[in-house]
Amino acid sequence: MYKLAALLSVLAAPVLATGLQIEVAGEGANGVFTVDLLEDVAPKHVAHIASLAAAGVYDNVVFHRVIEGFMAQTGDVQYGKAGGDISRAGMGGSLEPDLKAEFSDVAYARGVVGMARSSDPDSANSQFFIMFAPGDFLNGKYTVVGKVTAGMDVVDAIKLGLGSNGAIIGTPDVMRRVTVVD
């Protein structure tokens with residue numbers, strides 16, 4: 001668990017970012033991919049993700065839900081830390097409040113990054129997903145925050161889960177390091 005004081009100091013000042021560099025390691029993917037953050041599409045969500053990344057809270061977080069031909073989900077900074085009990089991964093978020101939806105007309109194409117949420121449109125927090133293929137049924141229903149601009153082959157190699165919910169069996173792949181880039 002990250003230290004509250006350190007996180008609050010980072011979150012107090014806005015983190016200006018244009019992207020994230022994500023280093024992945026595991027049984028499936030090993031490498032780096034880059035996400036271009038879309039500040040003009042979802043400014044509050046992008047600022048939130050960049051702040052969490054700058055504080056280091058995404059480091060060592062697992063991909064807890066990976067559905068073949070659909071998407072890979074990660075970002076549960078509360079329950080998804082590698083090396084700990086990840087049985088509740090996908091149920092948590094950061095210590096910050098959930099965010100109000102910032103829906104847009106950006107389509108869910110291959111490589112698009114969106115915010116995961118519950119059935120409440122205003123419940124996105126720290127979790128996000130990366131599309132393996134287009135998912136038009138998500139358009140206008142989930143906040144788009146970015147697009148993979150390099151390393152999609154790494155995303156494609158993330159260890160797949162089983163069944164319709166994409167639950168990972170065994171050891172999931174992990175975001176070893178998430179860095180904010182200009």
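The values are calculated or read from the model by the stated rules, or taken from the named source; none is laboratory data. No experiment lies behind these values; they were computed from the predicted model shown. So basically every Cβ, Gly included, is an ideal-geometry build from the backbone, and we count neighbours across all protein chains shown.
The table below gives the values:
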read-out	value
Single residue of K141, K147, K100 found to be within 26 Å of A25 (Cα to Cα) and either in contact (Cβ under 8 Å) with a residue 12 or more places away in the chain or in contact with an Asp or Glu (Cβ under 7 Å, 6 or more places away or on another chain) (or both)	K147
Residue list for region 158-180, filter: modelled with pLDDT under 95 and in contact with a Leu (Cβ under 7 Å, 6 or more places away or on another chain)	I169
Only listed residue being in contact (Cβ under 8 Å) with a residue 24 or more places away in the chain, closer than 23 Å to A29 by Cβ, out of contact with any Cys (no Cβ under 6 Å at 6 or more places or on another chain) and not in a strand (DSSP E or B), chosen from A47, A89	A89
Residue pairs meeting the criteria (Cβ under 9 Å; at least 6 apart or on separate chains; first touching a residue at least 60 places away in the same chain (Cβ under 8 Å), in region 164-182; second hydroxyl-bearing (S, T, Y) and not in a strand (DSSP E or B))	M175/Y58; R177/Y58; V178/Y58; V180/T18; V180/S51; V181/T18; D182/T18
Region 103-161 - residue that is assigned to a helix (DSSP H, G or I) and of a type outside the set (A, V, I, L, M, F, W, C) and, of those, nearest to the chain's Cα centre (by Cα)	D156
Matching option when the condition is of a type in the set (S, T, N, Q) and in contact with a Leu (Cβ under 7 Å, 6 or more places away or on another chain), among S123, S51, S87	S51
Lone unmet requirement of (1) closer than 26 Å to A47 by Cβ; (2) crowded, with 21+ Cβ neighbours inside 10 Å; (3) in contact with a strand residue (DSSP E or B) (Cβ under 8 Å, 6 or more places away or on another chain) for S126	(3)
Criterion (β-branched (V, I, T), closer than 18 Å to D40 by Cβ, at pLDDT 95 or above and in contact with a Gly (Cβ under 7 Å, 6 or more places away or on another chain)) met by exactly one of V113, V154, V106	V113
Test set (1) in contact (Cβ under 8 Å) with a residue 24 or more places away in the chain; (2) part of a loop (DSSP other than H, G, I, E, B) - L52 fails condition number	(2)
Check on D153, touching a residue at least 24 places away in the same chain (Cβ under 8 Å) and surrounded by fewer than 22 Cβ atoms within 10 Å (Cβ to Cβ)	yes
Within region 1-38, considering residues that are closer than 24 Å to Y142 by Cα and at pLDDT below 95, the one surrounded by the most Cβ atoms within 10 Å (Cβ to Cβ)	A17
